[in-house]
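Note sheet for the following structure.
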Amino acid sequence: MTHTPNFSLACMLFDLDGTLLDTAPDLISSLNYALKAEGLQGVSTDHIKPYVSNGAAVMIKHSTAKTITSSQHNKLLELMLDHYEQNIAIKTDYFQGIPAILKKLEEKKIKWGIVTNKRSRFTTPLISSFGLEHRANCIISGDSTPHPKPNPLPLLAACKQSNVIPENCIYIGDACHDIEAGKQAHMKTIVATYGYLKTDDQPDTWGADALIDHPQDLAFWIN
């Protein structure tokens, strides 16, 4: 991917789960807590990790071979999310290289922010536990706008909050809906292939401007 002549990086926006933070350990731990509480078999990290970026409901759907009723599903979801809210940053950490990238952005006076489909009930305490609420120029959750990603509204709200135009932004995410939202918002888009991709995902067909295997690859864009 090459810089276009009229492109000037004003803001780098990150998806949260699977892009900025490795939240899978705590989410999977909460899923297993819920499954066991309902007398169901727990799941392995390798099996369920690829579904983390698609949300708790999708994680539950892929966690049990047994057919469960909608009321069982709702009970599992409630148990999982309540447990997660109380244990939101036990094993969660930055992906290696992210702190250095955030530092570099701040040194170069380039704005950065977070746009996630995670609801603010979880986003706010999670971001706060890493002390990022005072560093990010914008934090947009799944319930901050009427429609979450792949709708471009959350990304456009982030631009408005950061006082930048979408054409001078880059959005980095690890799911197809991230890239779709970014493209609809007329941003440059980058796939974080180090995130939670499924075995049948084909990120090279998503139409992103670039694919990166490590957060440090973002330094190219900052420089």
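Just a few scattered comments:
- Residue count for region 187-202, restricted to those that are touching a residue at least 24 places away in the same chain (Cβ under 8 Å) and either surrounded by 14 or more Cβ atoms within 10 Å (Cβ to Cβ) or closer than 22 Å to Lys160 by Cα (or both): 10.
- All of Ile212, Ile172 fail the test of being among the hydrophobic types (A, V, I, L, M, F, W, C) and under 14 Å from the mean Cα position of the chain (by Cα), apart from Ile172.
- Failed item, numbered, when Asn74 is tested on (1) in a helix (DSSP H, G or I); (2) in contact (Cβ under 8 Å) with a residue 24 or more places away in the chain: (2)
- Selected residue (criterion: modelled with the highest pLDDT) from residues of region 67-84 that are farther than 13 Å from Ala57 by Cβ and surrounded by fewer than 14 Cβ atoms within 10 Å (Cβ to Cβ): Asp82
- Filter result (closer than 23 Å to Leu21 by Cβ and in a loop (DSSP other than H, G, I, E, B)) within region 53-69: Gly55, His62, Ser63
- Region 2-52, subset in a loop (DSSP other than H, G, I, E, B) and among the small types (Gly, Ala, Ser), residue nearest to Gln96 (Cα to Cα): Gly18
- Identity of the residue in region 100-141, without any contact (Cβ under 8 Å) to a residue 60 or more places away in the chain and basic (Lys, Arg), that ends up surrounded by the fewest Cβ atoms within 10 Å (Cβ to Cβ): Lys109
The values are calculated or read from the model by the stated rules, or taken from the named source; none is laboratory data. Bear in mind the structure is a predicted one, so any value in this text is a computation, not a measurement. Glycine also receives a Cβ, built like all others from the backbone with ideal geometry; neighbour counts cover every protein chain displayed.
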